[in-house]
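Student: Attaching a single structure in structure tokens format; questions to follow.
The values are calculated or read from the model by the stated rules, or taken from the named source; none is laboratory data. Fair warning: this is a prediction, and the values are worked out from it, not measured in the lab. In this analysis, Cβ positions are derived from the backbone assuming ideal geometry, glycine residues included, and neighbour counts consider all displayed protein chains.
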């Protein structure tokens, strides 16, 4: 199935000049959503993945489904103040300001093989911060997997330059 054809593009959202890649149309198609989850999981079936980590919020949707598909546990990586237990986090730069991702201190253990999943990779800032949090706890990020990649924004190169393998299901040129 052509997953890209199931993703709607909304021009000028959330601000003029942005082409928003809306995965809700993919999610509403049962066959497309199932194919996307399987396609995200397939490259890792023989990689001895022990946990899948998903980045808030759409990464939760795909990450949990991939974890179930691989038969492993799921770890939520969230924005600040959303997790109820002791956390570790990392700040990262945005175009105007900073943001932060956090994970429970007991979410992964030393040497555990983790697949990081999110819906989209643009500049790679969020994914890199999430991978760094996993690394701080001693987890081993085997790869970062995304449904959509915006290659013109350099996220793949940024992640690969730090030694992370990147897998994406489809690309949209431009931003």
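Student: Can you give me the number of residues within the stretch 45-73 that are part of a strand (DSSP E or B) and surrounded by fewer than 18 Cβ atoms within 10 Å (Cβ to Cβ)?
Tutor: Taking the stretch 45-73 first, the residues part of a strand (DSSP E or B) are 51-55, 73.
Narrowing the set further to residues that are surrounded by fewer than 18 Cβ atoms within 10 Å (Cβ to Cβ) leaves 73.
Result for the stretch 45-73: 1.
Student: Further question: Going by what's in this entry, would residue 77 be described as assigned to a strand (DSSP E or B), surrounded by fewer than 19 Cβ atoms within 10 Å (Cβ to Cβ), in contact with a strand residue (DSSP E or B) (Cβ under 8 Å, 6 or more places away or on another chain) and touching a residue at least 40 places away in the same chain (Cβ under 8 Å)?
Tutor: Criteria not met by residue 77.
Student: Can you tell me which residue in the stretch 128-141 is surrounded by the fewest Cβ atoms within 10 Å (Cβ to Cβ), limited to those that are outside any helix (DSSP H, G or I) and over 13 Å from the mean Cα position of the chain (by Cα)?
Tutor: Let us first name the residues in the stretch 128-141 that are outside any helix (DSSP H, G or I), namely 137-141.
Next cut, over 13 Å from the mean Cα position of the chain (by Cα) only: 137-140.
Working: 137: 18, 138: 11, 139: 24, 140: 13.
Among them, the one singled out is 138.
Student: Based on what the data block shows, is residue 111 part of a loop (DSSP other than H, G, I, E, B) and closer than 26 Å to residue 68 by Cα?
Tutor: Numbers: part of a loop (DSSP other than H, G, I, E, B): yes; closer than 26 Å to residue 68 by Cα: yes.
It is true that residue 111 is part of a loop (DSSP other than H, G, I, E, B) and closer than 26 Å to residue 68 by Cα.
Student: If you go through the stretch 36-55 one residue at a time, how many are more than 16 Å from residue 73 (Cα to Cα) and either modelled with pLDDT under 95 or in contact with a strand residue (DSSP E or B) (Cβ under 7 Å, 6 or more places away or on another chain) (or both)?
Tutor: Total satisfying the criteria: 3.
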